Amino acid sequence: YSPTRGIDFWCVAIVMLGVSSIAGSVNILGTVVSLRAPGMTIGRIPLFTWATFVNQFLILAALPSLTAAAIMLYFDRHLGTAFFDPTRGGDPLLWQHLFWFFGHPEVYILILPVFGAISEIVPVFSRKPIFGHTFIAFSSAAIGFLGFLVWAHHMFTVGMSLAANAVFAFTSFSIAVPTAVKIFNWLATMWGGSIRLKTAMLFACGFVGMFVTGGVTGILVATVPFDFQVTDSYFVVGHFHATLFGGTAFGLLASTYYWFPKITGRMLNEKIGVAQYVLTVIGFVLTFGSMLVAGLLGMPRRIWTYNPGLGWDTWTLISGIGAYIIAVSIILMLINFAISLRRGEVAGPDPWDGFTLEWATESPPRHGNFAEVPPVRGRRPLWDRKNPDRADYLTNRH
């Protein structure tokens, strides 16, 4: 309980953000449903758009829980209700349930668009169609659905029944299946492909490796006996950041190098990009790997200092060094931006020999993208236009 007004402003801000996010989701859903190109059926929607589409349903379902919790907290503070006050019959665990019903789907809200972006980048730089397009699309929907069945794995130690813990452990294990489908399909797309290791592809490959590394620690904390040992330790901090940084950050960096030429009309410097990639991987391993080890050695989270001689000093030092290396890699990217925007190579409309329609426009695109919206007959519409004798729709019905 905070006697100051900061929490009140926070509650109001959460409600406003919830309303704006829901409005944005409705906008995106309406756009995808009603403004597709001629011939672009649901099965032909680019996987990035598909993942973003599914993502909006997660936002619509998850945000009301957090918004309701903020309103209830405000009412407790000012209107005399007792939703969360145990001295007046309330239950503080209700706050945890409401928060985590939003909080865990929010992780997938962050990662699903990145999954979609990787599903666009990998086939372009492998010079192959994506392997298992339909499976990737439906695995996004499966992740979105299962994401709402796992929230209480954050609460294994609060006193829930053994049956409840078992159910949430099982659902937490289950969500690894559709995620593994994506990993398999990305690797299968690379297999036998003519891979071009541009910076965007390097970060996409790094995404796969680093995300799997973080994801494996998720299987560990979904195991109830193990979770009892590491709850509120630095292991949980390492797991969360390894998964989100290894997933979302690597995916965003891959997307930046992939779409920067389209957004600006200029190419990013590949040598600086490769240097940034190497530093990012090294920084990732040092920073978050050390957190995992420190957590296993008993270091608690949410502390600002600790006594020497507990065995954590070396690991936190290594983690700090890794964080500075990541910071240097980000500075390199900003330098790359500045150089490329000023005197970078002119990109042209299609620098990667892409598959989807954004590469058919100028770089940067004109207002409205196209003077006349091109028809779509397959899942790789630009490839079909550039290779009419080998177009996908000649051999595949989708």
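Every read-out reported here was derived from the displayed coordinates using simple, explicitly stated rules and does not represent laboratory data. On a predicted model such as this, the values are computed, not experimentally measured, just so you know. Note that each Cβ is placed from the backbone with ideal geometry, even for glycine, and that neighbours are counted across all protein chains shown.
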- Note on the structure: Counting only backbone N atoms under 20 Å from a point 7 Å out along Cα-to-Cβ of L187, the residues of segment 122-141 in range are 122-140
- Query: Once amide H atoms are built 1.01 Å from N in the peptide plane, which residues 5 or more positions from R266, or in another chain, come under 5 Å H to H?
  - Reply: A347
- Message: Taking 0.36 nm per residue of sequence separation and subtracting the Cα-Cα distance, how much length would be gained by fully extending the chain between S194 and L394, in nm to one decimal?
- Response: 69.8 nm
- Item | Cα radius of gyration and Dmax for segment 1-110 (Å) | 18.1, 61
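Would you compute, from DSSP H runs of 4+ residues alone, the mean residue ellipticity of the chain at 222 nm, taking -39500 (n - 2.57) per run and dividing by the full residue count, rounded to the nearest 500? Don't skip to the end; give the middle numbers.
On the way: 14 runs with 262 residues, N = 398.
Roughly -22500 deg cm²/dmol at 222 nm, from the helical runs in the chain.
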- Packing-based order for 224-234, 258-268, 13-23, using average beta carbon neighbours within 10 Å, highest first: 258-268, 224-234, 13-23
- Note on the structure: Between the Cα axis of helix 92-126 and the main Cα principal axis of the chain, the angle (0 to 90°, nearest 10) is 20
- Quote to one decimal, in nm, the extra length available between D232 and I28 on full extension: 0.36 nm per residue of separation minus the C-alpha distance between them. 69.7 nm
- Task: Starting from the coordinates of the alpha-carbon atoms of segment 109-161, obtain the Kirkwood hydrodynamic radius over all distinct pairs and give the value in Å to one decimal.
- Result: 13.3
- Provide, as a two-decimal number, the C-alpha radius of gyration of the chain over 2.2 N^0.38 Å, N being how many residues it has. 1.09
- Note on the structure: Computed over the chain: longest principal axis from alpha-carbon atoms vs helix 162-174 long axis, angle to nearest 10 degrees, is 20
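Quote the FRET efficiency, to the nearest 0.05, computed for L60 versus T264 with a Förster distance R0 of 41 Å and r equal to the Cβ-Cβ distance. It would help to have the intermediate numbers written out before the result.
On the way: r = 33 Å, r/R0 = 0.80.
After rounding, the FRET efficiency stands at 0.80.
Could you work out the percent of alpha carbon pairs in segment 148-284 separated by over 19 Å, rounded to a whole number? Each step should come with its number before you reach the end.
Working: 5490 of 9316 pairs.
Here the tail beyond 19 Å accounts for 59 percent of pairs.
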- Query: Across 5 Å bins from 0, what is the distribution of all Cα-Cα pair distances for segment 1-196, in whole percents?
  - Reply: 1, 7, 13, 15, 15, 14, 12, 9, 6, 4, 3, 1, 0, 0
- Task: Measure off 7 Å from each Cα along the Cα-to-Cβ vector at L110 and T134, then give the distance between these two points in nanometres to one decimal.
- Result: 3.4
- Task: Based on the mean of other Cβ atoms within 10 Å per residue, sort peptides 43-53, 65-75, 184-194 so the most packed one is first.
- Result: 43-53, 65-75, 184-194
- Which whole-percent values make up P(r) of segment 200-356 when all C-alpha to C-alpha distances are grouped in 5 Å steps starting at zero? 2, 9, 16, 17, 15, 12, 10, 7, 5, 4, 2, 0
- Scan around S233 for amide H atoms under 5 Å from its own, H built in the peptide plane at 1.01 Å from N, and keep only partners 5 or more places away or cross-chain. R301
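From the Cα trace of segment 269-398, what convex hull volume per residue do you get, rounded to a whole Å³? Provide the component values of the computation, followed by the final result.
Values: hull volume 27.3 nm³, N = 130.
Roughly 210 Å³ of hull volume per residue.
Within the set K271/K386; K128/K386; K128/K198, which residue pairs have Cα atoms separated by over 25 Å? All intermediate terms of the calculation are to be shown ahead of the outcome.
Numbers: K271/K386 30 Å; K128/K386 15 Å; K128/K198 16 Å.
Among K271/K386; K128/K386; K128/K198, the Cα-Cα distance tops 25 Å for K271/K386.
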- Helix 250-264 sits off the longest principal axis of the Cα atoms of the chain, rounded to the nearest 10 on a 0 to 90 degree scale, by 40
